[in-house]
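Here is the structure we will look at.
The values are calculated or read from the model by the stated rules, or taken from the named source; none is laboratory data. It should be emphasised that the depicted structure is a prediction, and the values quoted were computed from it without experimental measurement. Cβ coordinates were reconstructed from backbone atoms using ideal geometry, including for glycine residues, and neighbour counts include every protein chain displayed. In case anyone asks, the SASA skips ligands and DNA or RNA and just uses the protein heavy atoms, side chains included. Shrake-Rupley method; radii C 1.70, N 1.55, O 1.52, S 1.80 Å.
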Amino acid sequence: MIDVSGLSQTFGKKQVLKEISFSVGKGEVLAVMGSSGGGKTTLLRCIAGLIQSTSGSVQVDGIEVRKDPEAARRRMGMVFQGAALFDYLNVEQNVLFGVGRHLKLNSKDERALLKDSLARVGLSGNEHLFPSELSGGMRKRVGMARAIALSPSIMLYDEPTTGLDPITTYQIDELISQLRRELGVTSLLVSHDLMSVRRVSDRVAFLHQGELVFLGTPDQFLESEHPAIQELVTKTQAATLH
Ligand SMILES: Nc1ncnc2c1ncn2[C@@H]1O[C@H](COP(=O)(O)OP(=O)(O)OP(=O)(O)O)[C@@H](O)[C@H]1O
Ligand SMILES: [Mg+2]
């Protein structure tokens, strides 16, 4: 469903992504990990066609993103780092934002879609609240409902659980797994949370200084000898023991 080949991205003199290649199969959840500033968000933005990569190619469901970003984007839902809701719109308007533009629905179908999307993220009955009236976890779930409303076959999540308590994190992990189980959604999940990654992902990709230095199963990841991966694994283990 996602094919990234020789992808490089340079900003000014800084090369943020270096010759990245990998594929994600239908219904697979691939986690992308790596240090802060390592290029994870940039990778998602290239895949979503929000920025044009310096070189290389990205195909999404057989569509070359560079050639037809609009068509590629219609297959993808993106949950942005920090939710990125419109503060001046309430939950209903945020969730239906893309729906109004892309799907021409009558108001009855639109309401049904709104209800269904909010129910999926456990936010039924919160239509009229504004982002300032929501908790951080609720905001992220509204961001997910907005993406889900467009029935994407691919979801791109940028740190959907960062800064959330363990229970909300667990609920969001469950939602990611549920979308995959019930709707066959293919997912790319940027995360710093090794526990979440082990729970929901089939494979892990690790970006280090712009290079893809590891691609394998979560178990192989734990055994990796790459120093940056070992550091992450030992720090996480130390943090859970204390
Ligand atoms: N539009 C841009 N213009 C210039 N530099 C950029 C741009 N977007 C990202 N960068 C730079 O690219 C590098 C990688 O940024 P990116 O946001 O992809 O990192 P990240 O891995 O998502 O980090 P984090 O874990 O903190 O979210 C950073 O050095 C950042 O300053
Ligand atoms: Mg980021």
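Summary of computed values
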read-out	value
Debye-sum result for segment 169-242 in log10 I(q)/I(0), which assumes one identical scatterer on each alpha carbon, at q = 0.13, 0.22, 0.25, 0.27 Å⁻¹	-0.42, -1.05, -1.22, -1.32
Segment 169-215 - percent of accessible surface contributed by carbon and sulfur, probe 1.4 Å	45
In Hz, Karplus ³J(HN,Hα) per residue of segment 90-103 (6.51, -1.76, 1.60; θ = phi - 60°; x = Gly, Pro)	7, 4, 4, 5, 5, 5, 8, 3, x, 4, x, 7, 9, 10
Nonlocal amide H pairs with residue 2, under 5 Å, H built at 1.01 Å	24, 61
Within the chain, longest stretch free of exposed chymotrypsin sites (Phe, Trp or Tyr not before Pro) [DSSP loop, at most 12 other beta carbons within 10 Å]	89-242
Rg/Rh for segment 1-131, where both radii come from Cα atoms and Rh is the Kirkwood radius	1.03
Solution diffusion estimate, µm²/s, Stokes-Einstein, segment 175-216, Kirkwood Rh from C-alpha pairs, 20 °C, viscosity 1.002 mPa s	188
Estimated [θ] at 222 nm from DSSP helical runs (n ≥ 4, -39500 (n - 2.57)) normalised by residues in the chain, nearest 500	-12000 deg cm²/dmol
Residue 211 versus residue 5: modelled label distance in nm, points set 7 Å from Cα along the beta carbon direction	2.3
Label-point separation in nm, residue 181 to residue 225, each point 7 Å along Cα→Cβ	3.8
Mean shadow area of the chain over all directions, Cα convex hull, nm²	13.6
From phi via Karplus (6.51, -1.76, 1.60), per-residue ³J(HN,Hα) for segment 52-65 in Hz, x at Gly/Pro	8, 5, 5, 8, x, 9, 10, 10, 10, 6, x, 9, 6, 4
³J(HN,Hα), Karplus 6.51/-1.76/1.60, whole Hz, each residue of segment 171-188, x for Gly, Pro	5, 5, 4, 4, 5, 4, 5, 5, 4, 6, 5, 8, 10, x, 5, 8, 10, 10
Residues with amide H under 5 Å from that of residue 78, placed H, sequence gap 5 or more	156
Rg to Rh, two decimals, where segment 105-205 supplies the alpha carbon set and Rh follows Kirkwood	0.97
Segment 1-45, accessible area per residue, ligands and nucleic acids excluded (1.4 Å, Å²)	42
Overall Cα dimensions of segment 73-139, principal axis frame, Å, largest first	30, 27, 22
